[in-house]
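Since the structure comes first, as structure tokens, the remarks are kept for the end.
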Amino acid sequence: MKMKKHFSLLLVLIATLFSCTDDENSDKYADFLVAKPLKISLSEFENSGDIIAPKPIEESGKIYAYNNYIFINDKYKGVHVIDNKNPESPIKIAFIKIAGNVDISVKDNYLYADSLGDLLVFNIANKDNIKLVNRLKNVLKENIIWPLADIYEWDNATTEDEVLVGWQVVTERRLKEEVQLMFEDVAVNNATGDRSVGQGGSLARFKIVEDYLYAVDNHNINVFNIKNLENPVDLEDVYAGFDIETIFNRDNHLFLGSKSGMYIYDITNPETPTFVSEFQHGTACDPVVVDGDYAYVTLRGGNTCGATESGLYIVDISTIADPVLAKQYPLDGPYGLGIKGNTLFICDGESGLKVYDKTDVNNLKEINHFKDIVTFDVIPREDNLLMVGDNTLYQYKYLENNISLLSSLNLD
């Protein structure tokens, strides 16, 4: 904490000395990515788990489907519950307040949700009477998502009455000398010291495989035995690397997406995932899905995700111990992706939803492009495709070689 306060005092002093005399348009200034703390009150965090009436969404996050219900994360706020018995007319029925929440997973009517470092368990058998039944404290130790930024505003990031839930990254003009001095100060200080289970999208950080819940944080695979659904047992964490973002399961393997690569772990012994291999790429945000002999990885470069150009990487995993790049395709700014049969769906951010025939991975064929929507996460279900983006839930029905819009629900 002393070092963080020292940084802040230094920044304030330098800013005071220079702000009155320098024009921000001069070459002494440059644009920097600045991470600003997002906080909630301590009382709000400690009282997570209330079930309230439907409310407008503030920032739509990940999507999860379970039987006839859809759950949509409201970033750091909780989960919206949607009755989807009639996909042509979905209905918002409740909101679960969960401070700091970004992920959920469901098995046999028990919903598991993160609340910063805590794991919450809800009984959702009666959707009109959802109940919080358990809370495991401090079991997700590295769960705050750390974006890439040039500057972190540490000052007052946490106080006695507030809790840090994440970071918002903005672009600000700062004195180059101010930033350089800050980095020099950092260097000096460091030198001394089945249907029962629901379905998430490719951006998920939670994954249930049989009697185990795997939850990735920035560095670890957190393993829970959920044979007793209401009383999970926190097992030994498995260190997996840096900047872990997503998790996907196929058979006895977990595929982890990180900002630097894809990591593959064997869960033949489910309590102790063991490292198998990795595929490295440049720094970028990185969800992954797997189908057959290939892993499909979307990389989003630029901004807070890194320097790698955005695109789709198709990785040959036929030899699981030696994954190799098979093909690369350019994209604009992709997020989630999904597969159904030979159809690949990619949420390409502001460039919309792109649909490809992936029969030949060396020659993907675009079969549709929904351009005038902002897309984030997608789940291909058996009967219809779910997608969320720009605070709207979209559902598409499958056609023989395409899809068509079935319904849209504004979540505001």
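Sorting Lys176, Lys36 by accessible area puts them as Lys176, Lys36; the probe is 1.4 Å, largest comes first, and only protein heavy atoms count.
Within the shell of other residues whose beta carbon sits under 9 angstrom from the beta carbon of Val223, the net charge comes to -4, with Lys and Arg scored +1 and Asp and Glu -1.
Between the residues Val355, Leu405, Thr392, the greatest Cα displacement towards the positive end of the dipole of region 349-412, with unit charges on the Cβ of Lys, Arg, Asp and Glu, is found for Val355. Annotation: peptides 359-366, 93-100, ranked by per-residue average of other Cβ atoms within 10 Å with the highest first, follow the order 93-100, 359-366. FRET efficiency for the Glu210 to Glu160 pair, using the beta carbon distance and R₀ = 45 Å, is estimated at 0.60. Under the classification rounded if a/c is under 1.5, otherwise prolate if a/b is larger than b/c and oblate if not, where does region 195-258 fall, given a ≥ b ≥ c as square roots of the Cα gyration tensor eigenvalues? It is oblate, given that a/c is not under 1.5 and a/b is not larger than b/c.
Taking the Cα centre of each part, how many Å lie between region 202-227 and region 77-146? That distance is 15 Å. Determine the relative contact order of region 350-412: mean sequence separation of Cα pairs under 8 Å and six or more apart, normalised by residue count, in whole percent. 23 percent.
Using bins of 10 Å that start at zero, the share of Cα-Cα pairs per bin across region 205-315 amounts to 15, 46, 28, 10, 1, in whole %.
The values are calculated or read from the model by the stated rules, or taken from the named source; none is laboratory data. Keep in mind that this is a model prediction, so the values were computed, not measured. Because the Cβ atoms are built from the backbone with ideal geometry, glycine has one as well, and the counts that use them run over all protein chains shown. The accessibility values were calculated without ligands, DNA or RNA, using every heavy atom of the protein model including side chains. Shrake-Rupley method; radii C 1.70, N 1.55, O 1.52, S 1.80 Å.
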